[in-house]
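Have a look at the structure below before the remarks.
The values are calculated or read from the model by the stated rules, or taken from the named source; none is laboratory data. These figures come from a predicted structure and were not determined experimentally. Don't worry about glycine lacking a Cβ; one is built from the backbone with ideal geometry, like all the others, and counts go over all protein chains shown. Note: accessible area is taken over every heavy atom of the protein model, side chains too, but ligands, DNA and RNA are not part of it. Shrake-Rupley method; radii C 1.70, N 1.55, O 1.52, S 1.80 Å.
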Amino acid sequence: MTLALSADRPEDIRKAGEILRGGGLVAIPTETVYGLAAAVFDPAAVARVFAAKGRPADNPLIVHVAEIVDIPKVCAQAPPIAPALAKRFWPGPLTLVMPRRDNVPDGVTAGLPTVAVRCPANDAARAVIRAAGVPLAAPSANRAGFPSPTTAAHVWNDMDGRVDAILDGGPCRWGVESTILDLTGPVPRLLRPGGVTRAQLEAVLGTVEVDPAVTGPVTEGHSPRAPGMKYRHYAPHAPIYLLHGPLNAAATYVKALARPGTAVLCFNGEQERFRPVPCVPYGDGDSPESLARGLFEALRKLDAPEIRCIYARCPEGDGLYEAVRNRLSRAAGFAVIEV
Ligand code: TXA
Ligand code: MG
């Protein structure tokens, strides 16, 4: 039985803390996506997270702390730049990969010598961490391979009966997962783009390397710095093709090829142009915030048995557009059609 909890009720926050202290699993809202939380120092609880998600054991979890001062609870030696980054971007959608402390269970880090940590900018999330009394290991609260959940309804859909409680805190502000920055190499390296943009990081760090797994497929034999980047992710069952080119050309191309089962993931207001091909709009093409917030729900809608082939409008541009393009490209297996 999965318990329904509300972030608006202080007694529900306390209950969530109690469940976590007892080794249970609670799905919690964050400002990025919903997370599936377990007490970080409890290896059995951490193992249950992997089982509930169907997550491969070699894909490590992000540790969530309530305050910057909690970093040393899980990090052996924070790199010198870490406090400045935390001060500038925390609480917020930035995850830092740093050397781990030995007390962090191997399950959390998938045996890596590093640990990924962030402090979420969501009051309910931080209240639950405080109520639990320990940092929380939490991957996104979706079944492995599916889009991350951005509402409690998405979590119920994926996790009902598999977790002890789901804390409803409303829709997530960003809608895509945090930016991941690896601080363990000679130059800071972007492993996953998100709400904290590359330009914002460069303003603090000077140079930032971009991991090849951000912009292209992970090739056989290459192991990406963020193990999660090698897995198919964010994807409905039907194949997705990204349309590269102007709207006119995209509409002409799709209408010429459309068969029963073809659908289009488009920007708001473009449905008319693709008619009669069915469309799911995901946000305003000129607002990266809007596209980020709507993308995963739209991908969930497109995960329907009658849909056999999906063509997607994909934004260009940097900043948060980079995160939207990264998630869409991975959902599409980097399949692009020039129109
Ligand atoms: O916004 C977010 O980051 C959300 C919310 C819940 O905080 N969490 C999230 O977790 O997206 P998850 O598990 O879906 O993605 C974590 C990513 C994976 O790609 C994983 O491989 C990578 O972080 N990761 C975790 N620990 C790592 C480490 N020590 N070194 C490199 N990558 C790591
Ligand atoms: Mg995930």
Worksheet item: Per the 1.4 Å probe, what fraction of the accessible area of the range 1-141, in percent, lies on carbon and sulfur atoms?
Response: 56 percent
Practice prompt. As a check on your grasp of the helix formula, calculate [θ] at 222 nm for the chain: sum -39500 (n - 2.57) over DSSP H runs of n ≥ 4, divide by the residue count, round to the nearest 500.
Written response: -9000 deg cm²/dmol
Worksheet, complete the sentence: Which residues qualify? For I62, with a placed amide H closer than 5 Å and at least 5 residues away or on another chain, they are A138
Worksheet entry | Long-range tail of P(r) for the range 240-338 (Cα pairs > 21 Å, %) | 23 percent
Practice prompt. Roll a 1.4 angstrom probe over the protein heavy atoms and tell me the percent of accessible area of the range 187-339 that is carbon or sulfur.
Written response: 51 percent
Discussion item. Restricting to Cα pairs below 8 Å that are 6+ residues apart, what does the relative contact order work out to for the range 171-309? Please round to a whole percent.
Written reply: 21 percent
Worksheet item: Which loop-located trypsin sites (Lys or Arg not before Pro) does the range 230-339 contain, where loop means any DSSP state but H, G, I, E or B and the Cβ has at most 16 other Cβ atoms within 10 Å?
Response: R232, R308
Worksheet item: Near K255, which lysines are there with a Cα under 25 Å away, not counting those fewer than 8 places off in the same chain?
Response: K301
Fill in: Contour excess over end-to-end distance, with Cα ends at T219 and D286 and 0.36 nm allotted per residue
20.9 nm
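Pop the C-beta distance of V69 and A304 into the FRET formula with R0 = 45 Å and round what comes out to the nearest 0.05. Walk me through the numbers before you get to the answer.
Values: r = 47 Å, r/R0 = 1.04.
After rounding to 0.05, the efficiency reads 0.45.
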Discussion item. Which three extents, in angstrom, do the Cα atoms of the range 3-214 have along their principal axes, listed largest first?
Written reply: 46, 33, 31
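Where both partners of a DSSP beta bridge lie in the range 3-214, what percent of those bridges are antiparallel, to the nearest 5?
Beta bridges within the range 3-214, antiparallel portion: roughly 50 percent.
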Worksheet item: How big is Rg to Rh over the range 169-309, alpha-carbon atoms, Rh as the Kirkwood inverse-mean-distance radius?
Response: 1.02
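Residues of the range 240-338: accessible area per residue at 1.4 Å, in Å²?
Working: 4440 Å² over 99 residues.
Heavy-atom SASA per residue in the range 240-338 reads 45 Å².
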Worksheet item: Does anything in the range 202-220 have its amide N under 15 Å from the 7 Å Cα→Cβ label point of D318, and if so which residues?
Response: 202-211
Worksheet entry | Point-to-point label distance, V187-N268, nm (Cα→Cβ direction, 7 Å offset) | 3.9 nm
Practice prompt. Could you please state, rounded to a whole Å, how far the C-alpha centre of the range 31-59 is from the C-alpha centre of the range 275-319?
Written response: 28 Å
Item to complete: Compute the length gained on full extension between V336 and K255: take 0.36 nm times their separation in residues and subtract their Cα-Cα distance, giving the result in nm to one decimal.
Response: 27.4 nm
